[in-house]
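**Student:** I have a structure I would like to understand better, so I am pasting it below and will then ask my questions one at a time.
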């Protein structure tokens, strides 16, 4: 069985680099760019370009205890009389002369690395444009003092094109899953650039809209089958050229034949396991088969559900496990039994179903809907001991909280922009726990911010409660935006 919902949850909770780390990475890169631009480094800077997994959107969460990294090119004009090594060495000196970076910097063959206390590192590589040929890009090999042609920007465009042939970004997601397998298994090594290229070679324009790439498990099965066949046809390690620089840049140049043999053996074994899991009949048999591939973190908690509940649905449908684990914990009036909090703590947020976001006592919007109602509205929450406390802590969706203090809610639009002038926000606050409803505190209506766009709410009743933001245009009192629910879990 495909178990599409479980794949989505597994990617979100175990594989994808979490949003906080991405934001931290972006802030660090912005600071580095500013530092280089304001430094006395001689080359004229043309641009900064993301490359590697970060640019391809295949970056993953590091295994516990390890760091994640990101690659940044600084594209510059050639400097008269400079050799290749001068670009890397001089950039390293700029960072080493800084009080902020001097203890974080390491100079390598092609790049300068900034290390952030074992959590992340950023590799900054000089890339010279138009030195010998107009428009040509070259990276700098410091030990050999030589320039080497490279086309990282065009390669990234090629990867994005491959992904566009798959449904719902499934190529990118499968690439992350396979990199995750590489990292947790430990029985084969393959650089990300080589692994991504091998996978991208297995998809082409005529795969667009095909069943083999319409979702993540289908794409995983298709890509692994094709990769296994391709590796079987190439038992001797071939050249793996950058497809935008054939005959010049070989991604497999430092990969040994023994490593190639090990990769082929692991792929062949995993293909069998993936095919078995994909073709397995029955929900729990399928979960166990996929866990044989990805480990017990895949569909975490399903074994507990099976042992605690009488399961009738063992057919081929990808049914909603929440209906099993939440049975008896919720009634139609959303008077949630307090055990639902324990279940979320034990099994994870995946047990919460979208149907639970619309309890019967929730009041509908009272404003006329505009022709276009944006869903690019985000609710943010910060915990404070009291309403006007000087410090606060960020709170994420479904984060478990104690019944004390309160949350300050705020709203942004379009991935972080403030609410545009000429609009106002209303919050729909809906309590769903049995304790709150028993006291007539279910609410479900609309509340006005106390300060600007911010609203303070006390944490009090055990349960899973809902906060939504509605954006109303002042000129005609029309609803122009609505957020997804933000879930407040009070233990």
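The values are calculated or read from the model by the stated rules, or taken from the named source; none is laboratory data. Computed from a prediction, not measured in an experiment: that's the story for all the values here. Note: ideal-geometry Cβ built from the backbone for every residue, glycine included; neighbour counts use all protein chains shown.
**Student:** Just for region 105-129: of the residues that are assigned to a loop (DSSP other than H, G, I, E, B) and at pLDDT below 95, which one is surrounded by the fewest Cβ atoms within 10 Å (Cβ to Cβ)?
**Tutor:** Restricting to residues being assigned to a loop (DSSP other than H, G, I, E, B) and at pLDDT below 95, the top hit is 117.
**Student:** Could you run through region 340-358 and say how many residues are closer than 14 Å to residue 300 by Cβ and in a helix (DSSP H, G or I)?
**Tutor:** Of the residues in region 340-358, 8 are closer than 14 Å to residue 300 by Cβ and in a helix (DSSP H, G or I).
**Student:** Mind checking which residues of region 409-433 are surrounded by 21 or more Cβ atoms within 10 Å (Cβ to Cβ) and farther than 17 Å from residue 484 by Cα?
**Tutor:** Passing the criteria: only 433.
**Student:** Provide a single number: the residues in region 6-56 that are crowded, with 16+ Cβ neighbours inside 10 Å, in a helix (DSSP H, G or I) and more than 13 Å from the chain's Cα centre (by Cα).
**Tutor:** The number of residues fulfilling the criteria is 9.
**Student:** A further question follows. If we keep just the residues of region 434-457 that are assigned to a strand (DSSP E or B), more than 31 Å from the chain's Cα centre (by Cα) and on the phi < 0 side of the Ramachandran plot, which is surrounded by the fewest Cβ atoms within 10 Å (Cβ to Cβ)?
**Tutor:** 451
**Student:** Which pairs have Cβ atoms under 7 Å, sit 6 or more apart or on different chains, and link a residue in region 12-32 that is at negative phi to one that is modelled with pLDDT of 90 or more and in a helix (DSSP H, G or I)?
**Tutor:** Going by the 7 Å Cβ cut-off, the qualifying pairs are 15/176; 15/177; 15/180; 16/176.
**Student:** What residue, of 236, 254, is within 25 Å of residue 68 (Cα to Cα), more than 26 Å from the chain's Cα centre (by Cα) and surrounded by fewer than 17 Cβ atoms within 10 Å (Cβ to Cβ)?
**Tutor:** 254
**Student:** Of the residues 375, 397, which is exposed (fewer than 12 other Cβ atoms within 10 Å of the Cβ), within 32 Å of the chain's Cα centre (by Cα) and in contact (Cβ under 8 Å) with a residue 40 or more places away in the chain?
**Tutor:** The unique qualifying residue is 375.
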